[in-house]
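Heads up: the structure comes next, in structure tokens.
The values are calculated or read from the model by the stated rules, or taken from the named source; none is laboratory data. All of these numbers come straight from a predicted model, not from anything done at the bench. Quick reminder, even Gly has a Cβ in these numbers, built from the backbone with ideal geometry, and neighbours come from all protein chains shown.
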Amino acid sequence: MFKNLQLDASDRSPSAISTCSAIGSLLQFQRKYLRSAPCSISGKKQSPRVLEMPNAVWTAPSRRSVHIAPRNVRPVLFLLTRNSSFTLVYLDPVSHGNAGWPVETIVDGLPDIENVTDALKNGPYGLCVYESANDVCDNQVVNIEFSNGSTASFTMVAFTSAICERQTRLHFSHGEIIGDMSKFTVTDFRKRSTKTHRPVNEGGGHGGGDTGLIRSFVEAVRSKQQDILGTNIDEVLKSHLTVFAAEQSRREGRVVDCIAFEKEAREEKTAEGI
């Protein structure tokens, strides 16, 4: 079995921040649009809190189901893990003329059989994760409790056919919103009505969202209007701090108070002169 997030997590950003920073976006949405504010819980003011459940790392050496060399770029017969072979992930696509994702991420210049094979032989993408020092999450659950008592649950999983897909469910007292990368459905409990919306996909990654994001950024810079982006640097910082708080929760196995976490982070950086 082979995957992109290899080696140990100590020298890189946690998987939640590198692949799923939407955890923080949930907090941003909650605070900005739902007007989450401190409230009384058991007679005390409650700060937003985050808990990341212990994750299982499937790629531990003990889970190897067949003999796989530490580095082998020849076609290999896999059992249940065959679809994760780097031969299928990287070499097969480029041999059929696919020079885009994911092969473009592991070489400089235009991907071809020669430079992709060289990258697999000599770079980290050719290492078998069962044999490397891999401890990056392949699944995780983050639970967030907001200051007004509402909650959010975020799940990231590697083993799914919906690769790089996002699915969202928002439940309210008078309705709900359920969506994915191509559509979202709004249900009004009071009117007993349901309507499905299908935004235009402008191309690019993440259901066309990448193109829309870049277009908004360019327009905001051109017109010097921050509000076009729908966010600001303070909200972006807080959303990312939430993800780092989740990573601390995972590593230490405890609930993390987001406000206290931000305060400690600011004090640490101030002491460093940053």
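Quick check, is Gly253 within 24 Å of the chain's Cα centre (by Cα) and farther than 30 Å from Glu267 by Cα? It is false that Gly253 is within 24 Å of the chain's Cα centre (by Cα) and farther than 30 Å from Glu267 by Cα.
From the residues in the stretch 117-155 that are farther than 30 Å from Val107 by Cβ and polar (S, T, N, Q), which one is surrounded by the most Cβ atoms within 10 Å (Cβ to Cβ)?
Looking only at the stretch 117-155, we keep the residues that are farther than 30 Å from Val107 by Cβ, and these are 141-155.
Remaining after also requiring polar (S, T, N, Q): 143, 147-148, 150-151, 153, 155.
Numbers: Asn143: 17, Ser147: 19, Asn148: 16, Ser150: 14, Thr151: 10, Ser153: 12, Thr155: 12.
Here the answer is Ser147.
The set of residues in the stretch 156-212 that are under 24 Å from Glu247 (Cα atoms), surrounded by 13 or more Cβ atoms within 10 Å (Cβ to Cβ) and of a type in the set (Val, Ile, Thr) contains only Thr168. Inspection of the stretch 206-221 finds no residue satisfying the criterion of being assigned to a loop (DSSP other than H, G, I, E, B) and under 27 Å from Glu176 (Cβ atoms).
For Gly203, indicate whether it is assigned by TED's automatic domain parsing to the domain that holds Val142, at pLDDT below 85, assigned to a helix (DSSP H, G or I) and farther than 28 Å from Asn148 by Cα. When the stated conditions are applied, Gly203 does not pass them. When Lys191, Lys195, Lys183 are checked against the criterion of being modelled with pLDDT of 90 or more, within 21 Å of the chain's Cα centre (by Cα) and among the charged types (D, E, K, R), Lys183 stands alone in meeting it. Looking at this structure, is Ser182 closer than 30 Å to Glu252 by Cβ, among the polar types (S, T, N, Q) and in the same structural domain as Gly204 (by TED's automatic domain parsing)? It is false that Ser182 is closer than 30 Å to Glu252 by Cβ, among the polar types (S, T, N, Q) and in the same structural domain as Gly204 (by TED's automatic domain parsing).
Restricting attention to the stretch 78-122 and to residues that are outside any helix (DSSP H, G or I) and among the aromatic types (Phe, Trp, Tyr), the residue that is modelled with the highest pLDDT turns out to be Trp101. Out of curiosity, is Val256 in contact (Cβ under 8 Å) with a residue 24 or more places away in the chain, touching a Gly at 6+ places or on another chain (Cβ under 8 Å) and within 22 Å of Cys137 (Cα to Cα)? Against the criterion (in contact (Cβ under 8 Å) with a residue 24 or more places away in the chain, touching a Gly at 6+ places or on another chain (Cβ under 8 Å) and within 22 Å of Cys137 (Cα to Cα)), Val256 does not qualify.
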